[in-house]
Amino acid sequence: QVQLVESGGGLVQAGGSLRLSCTASGTIFSLGLMYWYRQSPGRQRELVAYVASDGSTDYSDSVKGRFTVSRDNTKNTAFLQMNSLKPEDTDTYYCYALIVDHPHREYDYWGQGTQVTVSS
């Protein structure tokens, strides 16, 4: 019923910036918490950041001070502004959201991922 689509990934040099977006579409009664995760093959999934509907946020220690998560509720979109990128930030970034897609039902959805590659 709901689809999450990430975009904005790409190749950037260390110290550069990228802005990821995650847009939810479909039958949406309410858009709840939205999360950004990252994962590479053979590595454990890591929670990067999240943003609640009221705008409250939190970040993993590895990205604090460099990344900023935000959302535009009018567009059902979350953003991840990534600055001062490091090679270790290279990963596939996934959007995850809790969405009320049916009356009185909250369900979770994952995006397809967007690749971020940071070169030295």
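The values are calculated or read from the model by the stated rules, or taken from the named source; none is laboratory data. All values derive from a computational prediction rather than experimental measurement. Here the Cβ positions follow ideal geometry from the backbone for every residue, glycine too, while neighbour counts run over all protein chains shown. Quick note on the areas: whole protein, heavy atoms, side chains included, nothing else; ligands and nucleic acids left out. Shrake-Rupley method; radii C 1.70, N 1.55, O 1.52, S 1.80 Å.
Brief remarks follow.
- Dipole of the chain, positive end: most advanced residue of G32, A78, G15 [Cβ charges, Cα centre]: G15
- Across the range 6-64, the volume of the C-alpha convex hull divided among the residues equals 126 Å³ per residue.
- Percent accessible area from carbon and sulfur atoms, the chain, protein chains only, probe 1.4 Å: 47
- Per-residue Karplus couplings for the range 38-50, computed as 6.51 cos²θ - 1.76 cosθ + 1.60 with θ equal to phi - 60°, are listed in order as 9, 7, 10, x, x, 10, 6, 5, 10, 6, 8, 6, 9 Hz, Gly and Pro entered as x.
- In order along the range 90-98, phi translates into HN-Hα couplings of 4, 4, 8, 9, 10, 9, 9, 9, 9 Hz, rounded to whole numbers, per the Karplus curve 6.51 cos²θ - 1.76 cosθ + 1.60 with θ = phi - 60° and x for Gly and Pro.
- Relative contact order for the chain, counting Cα pairs under 8 Å that sit 6 or more residues apart, in percent: 37
- Reduced Cα scattering model of the chain, Debye log10 I(q)/I(0), q = 0.09, 0.17 Å⁻¹: -0.23, -0.78
- Under 5 Å, built H, 5+ apart or other chain: amide partners of G16: L85
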